[in-house]
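> Please read through the structure below; I'll follow up with questions.
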Amino acid sequence: MEVLRAVLVQDMARALLLAAAAFLLTLLVGGGWVRFALSHKIGKQIRIEGPQSHMTKMGTPTMGGIMIVSTVIVLTMLFNMVDRWSMLLPLAVLISFAILGCVDDWMSLTNSHSKTYGFTVRYKFLMMLAIAFVASLVLYLPSPYGLENEGLVRIPFIGPQNIGVGFIPLATLIIVATANAVNLTDGLDSLAGWNLTLAFAAYGVMTFLSEPRLTNLMAFSFTLVGACAAFLWYNAYPAQVFMGDTGSLALGAVLAIVALQSQQWLLLPVVGVVFVAEAISVILQTSYFKWTRRRYGEGRRLFKMAPLHHHFELLGWSQPQVTQRFVLIGAVAAMVGISLALTFAAQGTAPQVAPDPSITPATIIVEQDVGY
């Protein structure tokens, strides 16, 4: 057991060092990006119909997701890629959604969202759907075409279940839905950043406790934790930089990939309960408004404003109050998610190490990476 414990600590040490490196590197990159964005007037445009307190944010540098994405790409390629080709999938999704979000951010800055430029809301959604579908295929298909996840999902108190080919459309939906949910949450200083940090930390712990241990996916999750935490340095109220679609779409999509690749995607709505609540509030608000307009001739609202964080702002909560209370809910939800993952792990058989006094740590062959 001592040898096994040493191996576990070693794996966690690598992940935590990557988190620390990501934090420091993102801090350095972030300072440069803020100065660059200010000098080139890459500033956020604020919705006129939004809360009036947000008008002071007009012109704040945006596209801060570049800080996070660039750091994660560099550190993963340098320290978490050798003999771990399964990391290509989350990296590819991170880069693809970041490019999509970056184009969207740039068009919003230049007011070029029009059919002339060919990048409508429908086109953006179709692009997200296409990327998510390809990623789902890679997850499902057998080697050498994919990662052989099949349709597996780990269900707390029950065990692993295989849903078969139905996994592909479901995974596609999860990726697109999570990306959009995080994008909707990114409306207050630090709100999305804090909840992403908590969610990636929760999945880092889950992959650490998984049998078999998904050590490289754990390291990737903690790299994202460090990068998101450093982003909060600049995004703390009042924010010096916003994440933008560049960050929110990319990080939401890769959060879904981590959940799917770890086979713990059933717990994603628990760990990301704040993201779910924000997305549902928009769906309910839009649906109720359309239904009442057809029935009564005028649209009515369930909330003062959607997404949900704006509703509480208009009730009189300050921005820091909304953020802090939502983050506290996210922290509790992350703990509940880890707890449910542990109920599954408890049903597995713990690896046994035969006692042999002649075996020293130097002669132990550590467990090989299992491809995740």
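> Please work out which one of (1) more than 30 Å from P307 (Cα to Cα); (2) acidic (D, E); (3) touching a residue at least 24 places away in the same chain (Cβ under 8 Å) is the condition D189 fails and give its number.
Answer for D189: the failing condition is (1).
> Say whether the condition of being in contact with a Cys (Cβ under 7 Å, 6 or more places away or on another chain) and either at pLDDT below 95 or under 30 Å from Q321 (Cβ atoms) (or both) is met by at least one residue in the stretch 116-127.
No - not one qualifying residue is present in the stretch 116-127.
> Has the stretch 40-63 got at least one residue that is within 18 Å of F231 (Cβ to Cβ) and either at pLDDT 90 or above or in contact with a Cys (Cβ under 7 Å, 6 or more places away or on another chain) (or both)?
Pass one, the stretch 40-63, residues within 18 Å of F231 (Cβ to Cβ): 42-44, 57, 60-63.
Checking which are either at pLDDT 90 or above or in contact with a Cys (Cβ under 7 Å, 6 or more places away or on another chain) (or both) leaves us with 63.
Taking every residue of the stretch 40-63 in turn, at least one turns out to be within 18 Å of F231 (Cβ to Cβ) and either at pLDDT 90 or above or in contact with a Cys (Cβ under 7 Å, 6 or more places away or on another chain) (or both).
> Moving to a separate point now. Could you tell me which of the residues A202, A130, A192 is surrounded by fewer than 16 Cβ atoms within 10 Å (Cβ to Cβ) and in a helix (DSSP H, G or I)? Steps first, answer last, please.
Details: A202 fails: surrounded by fewer than 16 Cβ atoms within 10 Å (Cβ to Cβ); A192 fails: surrounded by fewer than 16 Cβ atoms within 10 Å (Cβ to Cβ).
Step by step, each of A202, A130, A192 is checked, and only A130 is surrounded by fewer than 16 Cβ atoms within 10 Å (Cβ to Cβ) and in a helix (DSSP H, G or I).
Every residue, every condition in (1) among the hydrophobic types (A, V, I, L, M, F, W, C); (2) out of contact with any Pro (no Cβ under 7 Å at 6 or more places or on another chain); (3) surrounded by 15 or more Cβ atoms within 10 Å (Cβ to Cβ), yes or no:
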site	(1), (2), (3)
Q285	no, yes, yes
Y288	no, yes, yes
R293	no, yes, no
K304	no, yes, no
L308	yes, yes, yes
R325	no, yes, no
L328	yes, yes, no
A333	yes, yes, yes
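> From the list S143, S136, S190, which residue is out of contact with any Phe, Trp or Tyr (no Cβ under 8 Å at 6 or more places or on another chain) and hydroxyl-bearing (S, T, Y)?
S143
> Take L342 and tell me if it is at pLDDT below 95, part of a helix (DSSP H, G or I), exposed (fewer than 15 other Cβ atoms within 10 Å of the Cβ) and of a type in the set (A, V, I, L, M, F, W, C). First the steps, then the outcome.
Details: at pLDDT below 95: yes; part of a helix (DSSP H, G or I): yes; exposed (fewer than 15 other Cβ atoms within 10 Å of the Cβ): yes; of a type in the set (A, V, I, L, M, F, W, C): yes.
Yes; evaluated as a whole, the condition is true for this residue.
> Separate question: Please list, ordered by first then second residue, the pairs with beta carbon atoms under 6 Å, 6 or more apart or interchain, first in the stretch 84-105 and closer than 13 Å to N216 by Cα and modelled with pLDDT of 95 or more, second in a helix (DSSP H, G or I) and among the aliphatic types (A, V, I, L, M).
L89/V138; P90/V254; P90/I257
> Looking at the structure I just gave you, is L266 surrounded by 13 or more Cβ atoms within 10 Å (Cβ to Cβ), assigned to a helix (DSSP H, G or I) and at negative phi?
Spelling it out, L266 is indeed surrounded by 13 or more Cβ atoms within 10 Å (Cβ to Cβ), assigned to a helix (DSSP H, G or I) and at negative phi.
> Could you give every pair whose Cβ atoms fall below 6 Å, whose first residue belongs to the stretch 198-226 and is closer than 13 Å to V72 by Cα and touching a residue at least 12 places away in the same chain (Cβ under 8 Å), and whose second residue is assigned to a helix (DSSP H, G or I) and of a type in the set (D, E, K, R), counting only separations of at least 6 or pairs across chains?
These pairs meet every condition: A219/R14.
> Condition first: in a helix (DSSP H, G or I) and either over 22 Å from W265 (Cα atoms) or at pLDDT 95 or above (or both). Can you find one or more residues in the stretch 140-152 that meet it?
Yes: the stretch 140-152 contains one or more residues that are in a helix (DSSP H, G or I) and either over 22 Å from W265 (Cα atoms) or at pLDDT 95 or above (or both).
> Let me ask another. Tell me yes or no: at least one residue of the stretch 270-278 is assigned to a helix (DSSP H, G or I), under 20 Å from A199 (Cα atoms), in contact with a helix residue (DSSP H, G or I) (Cβ under 9 Å, 6 or more places away or on another chain) and among the charged types (D, E, K, R). Can you show your working first?
As a first pass, look at the stretch 270-278 and keep what is assigned to a helix (DSSP H, G or I): 270-271, 273-278.
From what is left, the residues that are under 20 Å from A199 (Cα atoms) are 270-271, 273-278.
Then drop every residue that is not in contact with a helix residue (DSSP H, G or I) (Cβ under 9 Å, 6 or more places away or on another chain), which leaves 270-271, 273-278.
Among the residues that remain, those that are also among the charged types (D, E, K, R) are: 278.
Checking the stretch 270-278: at least one residue is assigned to a helix (DSSP H, G or I), under 20 Å from A199 (Cα atoms), in contact with a helix residue (DSSP H, G or I) (Cβ under 9 Å, 6 or more places away or on another chain) and among the charged types (D, E, K, R).
> Among the residues of the stretch 205-229, what is the count of those that are farther than 18 Å from F23 by Cβ, of a type in the set (S, T, N, Q) and part of a helix (DSSP H, G or I)?
Residues in the stretch 205-229 being farther than 18 Å from F23 by Cβ, of a type in the set (S, T, N, Q) and part of a helix (DSSP H, G or I): 3 in total.
> For the stretch 220-242, which positions are among the aliphatic types (A, V, I, L, M) and at pLDDT below 95?
Passing the criteria: A236, A239, V241.
> Now for a separate question. Can you find a residue in the stretch 10-19 that is at pLDDT 95 or above and small (G, A, S)?
yes
> Take the conditions part of a loop (DSSP other than H, G, I, E, B) and crowded, with 23+ Cβ neighbours inside 10 Å and apply them to V241. Does it pass?
Yes.
The values are calculated or read from the model by the stated rules, or taken from the named source; none is laboratory data. What you are looking at is a predicted structure, and each value in this text was computed from that prediction instead of being measured. So basically every Cβ, Gly included, is an ideal-geometry build from the backbone, and we count neighbours across all protein chains shown.
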